[in-house]
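Okay, so here's the structure we're looking at.
The values are calculated or read from the model by the stated rules, or taken from the named source; none is laboratory data. Everything quoted here is computed from the prediction, not taken from an experiment. Cβ placement follows ideal geometry from the backbone for every residue including glycine, while neighbour counts extend to all protein chains displayed. Accessible surface is based on the protein model in full, side chains and every heavy atom, while ligands, DNA and RNA are left aside. Shrake-Rupley method; radii C 1.70, N 1.55, O 1.52, S 1.80 Å.
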Amino acid sequence: MKFNRNLLPLVFLFFIFYFPFFVSAAAPLSASAGNNTGVCPGDSVQIGGNPAATGGTPLYVFSWQPAASLSNPAIANPYAQPSASTNYTLTVTDAMGNSSMSVVNVSVYSLPTVSAGPDQTIIEGTNTVLQGSGALHYYWTPTLYLYMQNSATPVAEPQDSTTFCVIGVDGNGCANADCMKIYVIPSDELFFYNAFTPNHDGLNDVFYIGNIMKYPENRFEVYNRNGKLVYNAAPYLNDWDGKVDGNELPCATYYYVLDPGSGKEKIHGAVTIIR
């Protein structure tokens, strides 16, 4: 019996269109709703496995329940935005009418209870420490007049009454916010600190004199214990970082003389460099 070569195109088409269905039918249909996950209130998360269906006979039809909080309940990987912890059930139906189900839980985390601390009152020219709490990471604004602004307890040195707000983020990536206000009592009194730490950490890196900017005609001199002049400025702008000609001075106590100008008496004092 001779094989009819005219049938070759038909045989070829049969294998192209039908052979994949026979092969895939060997594996049972399996749905995958993905791994359990969590989401912050108001945010969304993508659900469904990768892939969301295997085996059976393609093409697949996807159906998710409950559908109300999903971006599209008829696709493999919709975005879920539940208002409370929810179990989502995925039903996959293949071309042969077979079905498979899978369930994933999406938990809704609680927002962190973030506090910026109580309101405070300071005298102009002084500073204070803010008291943030309730989070893992902190982002304060405005950053002007703040030192270590990404810590729970930054140092604030506002010149005018200012409201400071903090966004706190917890370990789940959820964020909340709070604000506090520093009331500044106007003053032209000069405030001196007896030590500074020029270690380039952004905090207390220079010798700071509160309200010095109100005395633009000031003259400032610093001497070591042997009476040698090691630093001077006219005017001083709160920028001495413990160096002389670019070289770091030894950790020690130094003695300053400040002539504020404007007819005010000279002020003498001591300051210690700590590294």
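Tell me, yes or no, whether segment 232-252 has at least one residue that is in contact (Cβ under 8 Å) with a residue 40 or more places away in the chain, open to solvent by 70 Å² or more (accessible area, probe 1.4 Å) and part of a strand (DSSP E or B). Lay out the reasoning, then the answer.
First pass over segment 232-252, keeping only residues in contact (Cβ under 8 Å) with a residue 40 or more places away in the chain: 241-243, 248.
Among the residues that remain, those that are also open to solvent by 70 Å² or more (accessible area, probe 1.4 Å) are: 248.
In the following step, the residues that additionally are part of a strand (DSSP E or B) were identified as 248.
Yes, some residue in segment 232-252 is in contact (Cβ under 8 Å) with a residue 40 or more places away in the chain, open to solvent by 70 Å² or more (accessible area, probe 1.4 Å) and part of a strand (DSSP E or B).
For segment 59-101, the set of residues classified as within 35 Å of the chain's Cα centre (by Cα) and polar (S, T, N, Q) consists of 65, 69, 71, 72, 77, 81, 83, 85, 86, 87, 89, listed by residue number.
The residue that is nearest to residue 159 (Cα to Cα), counting only those in segment 221-231 that are open to solvent by less than 60 Å² (accessible area, probe 1.4 Å) and in a loop (DSSP other than H, G, I, E, B), is 224.
Sort out for me the strands (runs of 3 or more DSSP E) sitting completely within segment 127-220 that have 2 or more residues that are more than 30 Å from residue 44 (Cα to Cα) and open to solvent by 80 Å² or more (accessible area, probe 1.4 Å). Talk me through it step by step, then tell me what you get.
Details: elements: 137-141, 162-169, 175-185.
Those strands (runs of 3 or more DSSP E) span 175-185.
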